[in-house]
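The values are calculated or read from the model by the stated rules, or taken from the named source; none is laboratory data. For clarity, every value in this text was computed on a predicted model and none was experimentally measured. Glycine also receives a Cβ, built like all others from the backbone with ideal geometry; neighbour counts cover every protein chain displayed. Calculation scope for accessible area: heavy atoms of the full protein, side chains included, ligands and nucleic acids excluded. Shrake-Rupley method; radii C 1.70, N 1.55, O 1.52, S 1.80 Å.
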2 protein chains.
Amino acid sequence: MNIGTAAKQAGLTTKTVRYYANIGLIVPYQNPSSGYREYMESDVAKLQFIGMARRFNFSIDECRELLALYEDRNRSSHDVKTLTMLKIKEIENKIKELQSLKDQLSHLASGCDGDDRPDCPILDALSAGKGQS
Amino acid sequence: MNIGTAAKQAGLTTKTVRYYANIGLIVPYQNPSSGYREYMESDVAKLQFIGMARRFNFSIDECRELLALYEDRNRSSHDVKTLTMLKIKEIENKIKELQSLKDQLSHLASGCDGDDRPDCPILDALSAGKGQS
DNA sequence: ATGAACCTTCCCCTTAAGGTAAAGTAAAGC
DNA sequence: GCTTTACTTTACCTTAAGGGGAAGGTTCAT
């Protein structure tokens, strides 16, 4: 099938699928006479797999690892779990960081009247160099 | 003072400070004979202000707005608070999204033995197209 | 006067594609 | 056979916020 059909089936854009071909992530057979890429069912399955992994915040490079594991019938589930646990830790850290940011901003905002007067503890705090993380 | 000193005082890199000059965020006097940028104390204050706002996840464009408010003695604190509340909402949404991702990944990981055998519910789930967000 | 330390501009690199242009291909209709 | 339409190709530019490094100019201390 052509790239448009494959992309639709995988729930991706043709742009994305073409990008994956260009970076060597999922490289389909390319018809020499037309120059068109030709995708097989198994390619679509991999595209779906990648799409899902991307939705789970795995980077392209991590997707590359996952795909290698996915294609390796002899992989150990240990390897996959390790990658997943690392990703979970990463997400947790990001959440903590954002939570701290939110708390600090909320604190600043709570002190600001938000009226027509120019007095603004938020700007004061930003300019005073307080609140470093 | 020169850019290196200003950057150090503001806790930024010279690369960053030069970037801010290039995009018109904080443009110092530039000595015509040497070509060197010359920063005043008030410039350093603004650089610190921007540095802090960046640490609070404000984008460069938002920093531009904040800086305009910071420099406007007639601004109303309402405008600042509005911007801050929007940023808080944005951060909250990001946190929720990450939390959901984490939960789903944790769920997947909990079903995976993580041993030497190839059976892996994580890969199964990724390839089955389950878990869409 | 020369070397170190600083500064300048310029260009390429990063993530993961999106947008657009110019041109080639395929399939359907007439 | 010819045309239209839909699809595809490569290629280049853009994004956010700088980082890295080259080649060359400036300033300051020795």
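Kindly indicate which of A:90, A:71 is open to solvent by 70 Å² or more (accessible area, probe 1.4 Å), closer than 15 Å to residue B:127 by Cβ and away from DNA strand D (no atom under 16 Å from the Cβ).
After applying the criteria, what remains is A:71.
Which residues, taken from the range A:15-31, are in a helix (DSSP H, G or I) and near DNA strand C (Cβ under 8 Å from one of its atoms)?
Hits for the range A:15-31 are A:15, A:16, A:19, A:20.
Taking the residues in the range B:32-54 that are part of a loop (DSSP other than H, G, I, E, B) and open to solvent by 70 Å² or more (accessible area, probe 1.4 Å) as candidates, determine which candidate is farthest from DNA strand D (Cβ to nearest atom).
Among those that are part of a loop (DSSP other than H, G, I, E, B) and open to solvent by 70 Å² or more (accessible area, probe 1.4 Å), it is B:40.
What pairs come out if I take residues in the range A:1-20 that are away from every other protein chain (no Cβ under 14 Å) and at pLDDT below 95 and pair them with residues that are assigned to a helix (DSSP H, G or I) and near DNA strand C (Cβ under 8 Å from one of its atoms) whose C-beta lies under 6 Å away, six or more apart or interchain?
Between residues of the range A:1-20 that are away from every other protein chain (no Cβ under 14 Å) and at pLDDT below 95 and residues that are assigned to a helix (DSSP H, G or I) and near DNA strand C (Cβ under 8 Å from one of its atoms), there is no close pair.
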